Amino acid sequence: MNRPLEDLRVSVTDRCNFRCTYCMPLDEYPWISRDQILTFEEISRTARIFAGLGVKKIRVTGGEPLVRKGLPDLVGQLAAIPGIEDIALTTNASRFVELAQPLRDAGLNRVTISIDTLRADRFREITQRGELQPVLDGIQAAKRADLGPIKLNAVIERGVNEDEILDLVEFAREGDFEMRFIEYMDVGNANEWSSDKMVSAREILTVIRSRYELVEKPGRGSRPSKDYDFSDGRGGVGVIGSVTEPFCGACSRMRLTADGKLVSCLFSDTGADLKKRLRSEATDEEISVFIQEIWRKRDDRYSETRLAQMNSPSGYTPQSRKKIEMISLGG
Ligand code: SF4
């Protein structure tokens, strides 16, 4: 499909201190054993090989990446790789008060923080074990550490938090953050997705436009979000319409799971075993060829197919394909 390989998303752990209902609500799960998790050296070597293929951006994800011990050491190793220009992190920020500055000092450039509600009781319900205040403090810590532009991500689910769209926008505008809303998706197998629970990008924009005038930003490139500026010049907002406005044609990301699988689509059911090669005698050149073969053969377009099925008389059955859970894959 002629999609260039531009980004690498690295999951450093499948553990998380939250159990968000839309992501991975299960307590019991076949967690990856410690000896199967890639070491920082193995991740850095992989990133170096990807940089040799032209990748300039790396996003560190999880699970919750901050639960992996020594994360600033990894970021330092990634920042030292020639050709890597941008290192971003996706986090729930609950441990960011201690970690924002060390990560910044190590070379982290940007951060995206998940926050689906500004109400403490609702936050507990959605995350099943998280507290709102440490996350709010973590957002401020990101600001103090100059990790901007700071993006805030909210998954909007009908009957759960769609009444907070304007509150979240206002919170972001006041704090000088970029708010991004994400359509609720059928990631993994455990989130009991149904299309009625999804609030579409169009609906989200209608709500925002009821209070603010928006101007669409040109030049979307391979960004998943459609971004808008507020016409009063006070910041911007983005909407990721993965379900109703798929962007597979511009999908330029490879994902590396915590246990060393290369996965070329968020909705894949399998990955290619990179760890086996990293732990063999394979040279960097051989591993590079392995990566290139995966990327060239790649024909993923899950979201486009899902939308076509949703619009067909037979409809779309989310359980029809077993997928890797997002907690292993890094979103
Ligand atoms: S569904 Fe797969 S191919 Fe399409 S945008 Fe998402 S990750 Fe990329």
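Considering the stretch 278-306, the residues that are among the hydroxyl-bearing types (Ser, Thr, Tyr), over 18 Å from the mean Cα position of the chain (by Cα) and part of a helix (DSSP H, G or I) include one that is farthest from the ligand (Cβ to nearest atom), namely Ser288.
Taking Lys275, is it more than 16 Å from the ligand (Cβ to nearest atom), touching a strand residue (DSSP E or B) at 6+ places or on another chain (Cβ under 8 Å) and modelled with pLDDT under 95? Before the answer, list the steps.
Values: more than 16 Å from the ligand (Cβ to nearest atom): yes; touching a strand residue (DSSP E or B) at 6+ places or on another chain (Cβ under 8 Å): yes; modelled with pLDDT under 95: no.
Taking the combined requirement at face value, the residue does not satisfy it.
Exactly one residue out of Ile182, Ile150 is surrounded by 15 or more Cβ atoms within 10 Å (Cβ to Cβ) and farther than 21 Å from Arg95 by Cβ: that is Ile182. Pairs meeting the criteria (first residue in the stretch 236-254 and touching a residue at least 24 places away in the same chain (Cβ under 8 Å) and hydroxyl-bearing (Ser, Thr, Tyr), second residue near the ligand (Cβ under 8 Å from one of its atoms) and assigned to a loop (DSSP other than H, G, I, E, B), beta carbons under 9 Å, at least 6 apart or on different chains) are Ser242/Pro224; Ser242/Leu266.
Does Leu152 count as over 20 Å from the mean Cα position of the chain (by Cα), under 25 Å from Pro224 (Cβ atoms), in contact (Cβ under 8 Å) with a residue 12 or more places away in the chain and outside any loop (DSSP other than H, G, I, E, B)? Taking the combined requirement at face value, the residue does not satisfy it.
Taking every residue in the stretch 208-228 that is among the small types (Gly, Ala, Ser) and pairing it with any residue that is within 16 Å of the ligand (Cβ to nearest atom) and not in a loop (DSSP other than H, G, I, E, B), at least 6 positions away or on another chain, the pairs with Cβ-Cβ distances below 6 Å are Ser222/Ala250; Ser225/Arg180; Ser225/Gly238; Ser225/Ile240.
Of all the listed residues (Ser11, Ser33), the sole one being among the polar types (S, T, N, Q) and without any contact (Cβ under 8 Å) to a residue 40 or more places away in the chain is Ser33. Just so you know, in the stretch 207-242 the residues that are within 16 Å of the ligand (Cβ to nearest atom) and among the polar types (S, T, N, Q) include one that is surrounded by the most Cβ atoms within 10 Å (Cβ to Cβ), and it is Ser242. Only one of the numbered conditions (1) within 16 Å of the ligand (Cβ to nearest atom); (2) touching a helix residue (DSSP H, G or I) at 6+ places or on another chain (Cβ under 7 Å) is violated by Ser268, and that is (2). Within the stretch 225-275, the set of residues being assigned to a loop (DSSP other than H, G, I, E, B), more than 16 Å from the chain's Cα centre (by Cα) and under 26 Å from Asp35 (Cα atoms) comprises Asp259, Gly260, Asp269, Thr270, Gly271.
The values are calculated or read from the model by the stated rules, or taken from the named source; none is laboratory data. None of these values were measured; they are calculated from a predicted model. Glycine gets a Cβ as well: all are built from the backbone with ideal geometry, and neighbour counts include every protein chain shown.
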